[in-house]
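Okay, so here's the structure we're looking at.
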Amino acid sequence: MKAEIYAQLDNPSSRWHLLALFVCAGLGFWLRFYGYWAGESFHIFAINDEVSAFRVAMQFLAGEHRAFYIGQPNFSAGHAPGPVWTLFTLAMLKLGDGSVPHALLYVTLLNCFLIFLVYIFARQLLTPRYALLSCFLFAVSPWTVYYSLGLWNPIPLAFLGALLFISLWRVTQVENSRAIFWVCLLSAILPQFHMIAVFYYPAILLVLYLSPARLNRGWLVAGVFAGLMVYVPYLIGDMQHNWENTRLILSGGRDFSFSVFKVISAPATILSNHPGRWLGDGLEGLFEFGDKWFISRIILVAVNLVSMILALAIVLRFAIYFFSLLKQYWKTPALMFEKYPAYSFVGILFFLPLLLFVFTGHNYSTRYTILIFPLLFVLPAFYIELAGKSKLKKFYLISLPFMSVFSIYLVLAFFSHMSDQIEGDAYFINSFKKMETVRESIKQHAGNGVRVRLVIDDYIRQAPERLRISTLAMADYIDVYEDYIESKKTNREKKYIVRYKKDSPKEVSSVAYQKNGIVIYSLRE
């Protein structure tokens, strides 16, 4: 019976294989839409960057010069070199009819489709049965769901990375493949979303150099030309400003950080169900979450710990095998690539960029791994193939159903917890949907044709981090509307300030918004 099921799952055209793929996609769609609906696509540490991206998009539409050649995401002291991320933001806003909350829905849809791309990529490297496993783990992983939401510049990296790796693999396996054009173009585009992509250039070139298949030179030249064209706006714009942004990128961020060694732990964290800093810095938020949704924080932390150990075992098992191959074939790496194409392909693209990043000495964050999500989720299948009959492998296989159910529950619990916080009075959670509600309340209070501004005073500058971050983002969000979207107003302006409810005056007759533990009221003119 077991052999028959495996045979069905190993047949891509069988009913059971297609049903399993449908279940994987359905679970992934459900979890991501629940995150959009209940959690409102909110990231506590990203909201200010998301509002900044919204501002730059509006500056682009307004014809401001800087928005045409540099983007919102910062790198060292400079900005992303080019407008592609801004154009992506504008495309999502266009689909969402100008509404950021609606644009977030289309980002979610895009990352739902990514589940199929991960399956397609896994099918190139693995047997159909293991491709389903990779697809399933990707679909229900807490980290992939968490990073499927939001209008934040690292979020599209997994989608673009999947397209890049699918194209690059085809180039290595098919003679004169035209996919080299897409390898060049996607490689050029990626740094305009996040500069972490630059560290993958040497790995991509090495894969192409070792590839047994002949390159299509015509499409290679066309791809390089298209990639250069992507940077024409940046080159012209920055040249006109004496290469200011380029010099800032090259000169900034030289201090060493021990967090660079998170290149070791970050990939394993992504493969685990440990929620990291989703609930803020420190353990208070995590413990509160565990006590509320898992009976006790001890249960949550214990399962997270087991998950981390298994994830580390998966990464280390592949690392040991890959570097043993390198030791064996160090004089003939092309032969290694020809005999072990899947292991070589993933190993080069996985380890080389991480090793190169270590030499920078900069902080490494889990979001930097978003680009290699498609690579990470073939590692569990590699582990099953490589671990032999070890006891840890047996434990992994036995625990896999439980860990999968736990991950699904954790995702649902987290976004339900976030929904409670959004609606509750303990914190002010400034999701885009909430900020739009606040903006509409202030606008209605101020009256037609009156400019409104949220003042950042000493109270906010000295406030706890959550209130400070949320107020800064909300003030910027309101300013974007006042400066670019609803700018045709009178010179009259009303100023508003934010206070915790406990710190607001007892009798305030000019309240514009009073909910979620805060009060927003107008200053006397």
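The values are calculated or read from the model by the stated rules, or taken from the named source; none is laboratory data. Please read all numbers here as calculations on a predicted model, not as lab measurements. Because the Cβ atoms are built from the backbone with ideal geometry, glycine has one as well, and the counts that use them run over all protein chains shown.
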Tally of residues being buried (at least 18 other Cβ atoms within 10 Å of the Cβ) and touching a residue at least 60 places away in the same chain (Cβ under 8 Å) across region 451-465: 1
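Going through D291, D255 one at a time, which residue ends up being acidic (D, E) and touching a residue at least 12 places away in the same chain (Cβ under 8 Å)?
Only one candidate passes the filter, namely D255.
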For I115: the one exception among (1) surrounded by fewer than 22 Cβ atoms within 10 Å (Cβ to Cβ); (2) modelled with pLDDT of 95 or more; (3) over 16 Å from L371 (Cβ atoms): (1)
Within region 155-176, tally of residues that are part of a loop (DSSP other than H, G, I, E, B) and either at pLDDT below 95 or surrounded by fewer than 23 Cβ atoms within 10 Å (Cβ to Cβ) (or both): 3
Residue tally, condition among the polar types (S, T, N, Q), farther than 30 Å from S399 by Cβ and in contact (Cβ under 8 Å) with a residue 40 or more places away in the chain, over region 309-365: 2
Checklist (1) in contact with a helix residue (DSSP H, G or I) (Cβ under 6 Å, 6 or more places away or on another chain); (2) surrounded by fewer than 23 Cβ atoms within 10 Å (Cβ to Cβ); (3) not aliphatic (A, V, I, L, M) applied to G35, failing item: (2)
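Residues checked against (1) basic (K, R); (2) modelled with pLDDT of 95 or more:
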{"site": "I398", "(1), (2)": "no, yes"}
{"site": "S404", "(1), (2)": "no, yes"}
{"site": "V411", "(1), (2)": "no, yes"}
{"site": "S416", "(1), (2)": "no, yes"}
{"site": "I422", "(1), (2)": "no, no"}
{"site": "D425", "(1), (2)": "no, no"}
{"site": "R461", "(1), (2)": "yes, no"}
Leading residue by the ranking (modelled with the lowest pLDDT) among those in region 483-518 that are among the basic types (K, R), more than 13 Å from A446 (Cβ to Cβ) and surrounded by 14 or more Cβ atoms within 10 Å (Cβ to Cβ): K515
Residue within region 471-492 that is free of Cβ contacts under 8 Å to residues at least 24 places away in the same chain, of a type in the set (D, E, K, R) and closer than 18 Å to A57 by Cβ present: yes
Test: residue in region 439-447 that is touching a residue at least 24 places away in the same chain (Cβ under 8 Å), hydroxyl-bearing (S, T, Y), in a helix (DSSP H, G or I) and in contact with a strand residue (DSSP E or B) (Cβ under 6 Å, 6 or more places away or on another chain): yes
Pair list, Cβ under 9 Å, 6 or more apart: region 387-407 residue not assigned by TED's automatic domain parsing to the domain that holds F138, other residue in a helix (DSSP H, G or I) and surrounded by 13 or more Cβ atoms within 10 Å (Cβ to Cβ): none
Residue under evaluation V508, criteria (1) among the β-branched types (V, I, T); (2) under 19 Å from Y427 (Cβ atoms); (3) in a loop (DSSP other than H, G, I, E, B), criterion not met: (2)
Residue in region 319-328 that is modelled with pLDDT of 95 or more, β-branched (V, I, T) and either outside the structural domain of E385 (by TED's automatic domain parsing) or under 21 Å from N273 (Cα atoms) (or both) present: no
Options S307, S272, S257; residue that is surrounded by fewer than 18 Cβ atoms within 10 Å (Cβ to Cβ) and polar (S, T, N, Q): S257
